[in-house]
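**Student:** Let me begin by handing over the structure; questions about it come next.
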């Protein structure tokens, strides 16, 4: 069983990232805060007796469910049918884009290309965040869980409720879309 | 040729991974600087959650104490008696209602029997013979 300190430390370590993830998904700061609070409370209510090692995966799963619940409530409230299945990137044709070359070019710490002096670090971060937020929902979720939350492929698949192959596909597409978008904006590594 | 392809795939995956981790590092850097009001609300949510977890643990401990009491009393191995104890009041209620119904039936039968006994055992009053209706009743054939 996780001690109170372990639970507190865990929540402290994930709360900001969780909020950002929720913001990317719902694009509303207050709603994202509600989602994170709801997630923390659900974790504490139902899984406080679990070992500390199990908390990260449980938390990510609950956060994903809470975000989906928010979308469902919004859908009912607004009576607007939103197409969640449109996870395919609009820019599907990448024949004229050598991803390997771009990825190799985007190797080190991120910086602006030619206008490095004029573009501040904060602006670069903002641009990256905006591009991450623009990713299709499933790609973004897979990318963030896999690389930001540092879950392995199996854990990401368990958290998203899909196969490991789907996780790899989503992650790869997300990386390619981000690389292309950042390259187009003159941000490289 | 095969090795060449494998090398290309591995190189691609390594490049993807490196790029993704760079982006993740930027996101971490960005997430470190949230607005003070957001940080405050997150702190409040965390404390509220910890309070809930504390209460949940206390509840579990309370159950633990109960369980140890049962163990001392020797009931911990089976919980059937708990279920039995929970339905016992219902059984007692139904049994009580059946007994009351039976007692009322017996009382009514007893009262009716006493009335019948008094009527049959007593002499016919003289006024009965002077009642025209009774005379007609006596004259009438029994099968009518």
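The values are calculated or read from the model by the stated rules, or taken from the named source; none is laboratory data. These figures come from a predicted structure and were not determined experimentally. When we count neighbours, we look across all protein chains shown, and the Cβ atoms used for this are built from the backbone with ideal geometry, even at glycine.
**Student:** Select from region A:35-74 the residues that are within 15 Å of residue A:19 (Cα to Cα) and within 14 Å of another protein chain (Cβ to nearest Cβ) and list them in ascending order.
**Tutor:** Result: A:35, A:36, A:37, A:38, A:39, A:40, A:41, A:59, A:62, A:63, A:66.
**Student:** Which numbered condition trips up residue B:19, out of (1) assigned to a helix (DSSP H, G or I); (2) more than 17 Å from residue A:176 (Cβ to Cβ); (3) touching a helix residue (DSSP H, G or I) at 6+ places or on another chain (Cβ under 8 Å)?
**Tutor:** (2)
**Student:** Given the conditions (1) part of a helix (DSSP H, G or I); (2) surrounded by 20 or more Cβ atoms within 10 Å (Cβ to Cβ), report the number of the one that residue A:151 does not fulfil.
**Tutor:** Condition (1) is where residue A:151 drops out.
**Student:** Related question: Could you grab me the full set of residues in region A:1-28 that are more than 7 Å from chain B (Cβ to nearest Cβ) and farther than 20 Å from residue B:55 by Cβ? Even if it seems obvious, please write down each step before you answer.
**Tutor:** First, the residues of region A:1-28 that are more than 7 Å from chain B (Cβ to nearest Cβ): A:1-3, A:5-6, A:9-10, A:13-14, A:18, A:21-28.
Once the filter is applied, which keeps residues that are more than 7 Å from chain B (Cβ to nearest Cβ) and farther than 20 Å from residue B:55 by Cβ, region A:1-28 yields A:13, A:14, A:18, A:21, A:22, A:23, A:24, A:25, A:26, A:27, A:28.
**Student:** Taking residue B:52 as the residue in question, decide whether it is at pLDDT below 90, part of a helix (DSSP H, G or I) and under 30 Å from residue A:9 (Cβ atoms).
**Tutor:** yes
**Student:** Next question, about the same structure. State yes or no: is residue A:32 more than 7 Å from chain B (Cβ to nearest Cβ) and in contact (Cβ under 8 Å) with a residue 24 or more places away in the chain?
**Tutor:** no
**Student:** Please specify each residue of region B:76-125 satisfying the condition of being closer than 30 Å to residue B:138 by Cβ and part of a helix (DSSP H, G or I). Don't jump to the end; show me each part of the working.
**Tutor:** So in region B:76-125, the residues closer than 30 Å to residue B:138 by Cβ come out as B:111-125.
Selection gives B:111, B:112, B:113, B:114, B:115, B:116, B:117, B:118, B:119, B:120, B:121.
**Student:** Is it true that residue B:95 is surrounded by 10 or more Cβ atoms within 10 Å (Cβ to Cβ), modelled with pLDDT of 85 or more and within 23 Å of the chain's Cα centre (by Cα)?
**Tutor:** On the way: surrounded by 10 or more Cβ atoms within 10 Å (Cβ to Cβ): yes; modelled with pLDDT of 85 or more: yes; within 23 Å of the chain's Cα centre (by Cα): yes.
Against the criterion (surrounded by 10 or more Cβ atoms within 10 Å (Cβ to Cβ), modelled with pLDDT of 85 or more and within 23 Å of the chain's Cα centre (by Cα)), residue B:95 qualifies.
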